[in-house]
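Let me begin by presenting the structure, written as structure tokens, before commenting on it.
The values are calculated or read from the model by the stated rules, or taken from the named source; none is laboratory data. Keep in mind that this is a model prediction, so the values were computed, not measured. Virtual Cβ from ideal backbone geometry, glycine too; neighbours counted across all protein chains shown. The accessibility values were calculated without ligands, DNA or RNA, using every heavy atom of the protein model including side chains. Shrake-Rupley method; radii C 1.70, N 1.55, O 1.52, S 1.80 Å.
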Amino acid sequence: MNNLELIKTNVNENNEVIVSGRELHEFLDIATPYKKWIDRMIEYGFEQNIDFAVMDKNVHDDTAF
């Protein structure tokens, strides 16, 4: 079995697989600007601090991805 990773994933302290929304947006080659795309994802029922966490893109945090 090939363990090719298409997008970087990490596991948080709750043993949940997490990915960067910005990296996912880029990987999927979505034409819509990230801000509009993520706002639309939130409208679909994604909940902050449950399905995603907002991070300042200029802050380096080894636990945030």
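Points worth noting:
- Pairs are defined by a Cβ separation below 6 Å, a sequence spacing of at least 6 or placement on different chains, a first member in segment 37-50 that is among the hydroxyl-bearing types (Ser, Thr, Tyr), and a second member that is open to solvent by less than 100 Å² (accessible area, probe 1.4 Å) and outside any helix (DSSP H, G or I); no pair meets this definition.
- Residue match in segment 28-35 (condition: modelled with pLDDT of 85 or more and outside any loop (DSSP other than H, G, I, E, B)): yes
- Filter pass, residue 38 being open to solvent by less than 60 Å² (accessible area, probe 1.4 Å) and in a helix (DSSP H, G or I): yes
- Qualifying positions in segment 6-27 - open to solvent by 80 Å² or more (accessible area, probe 1.4 Å), under 16 Å from residue 46 (Cβ atoms) and part of a loop (DSSP other than H, G, I, E, B): 16
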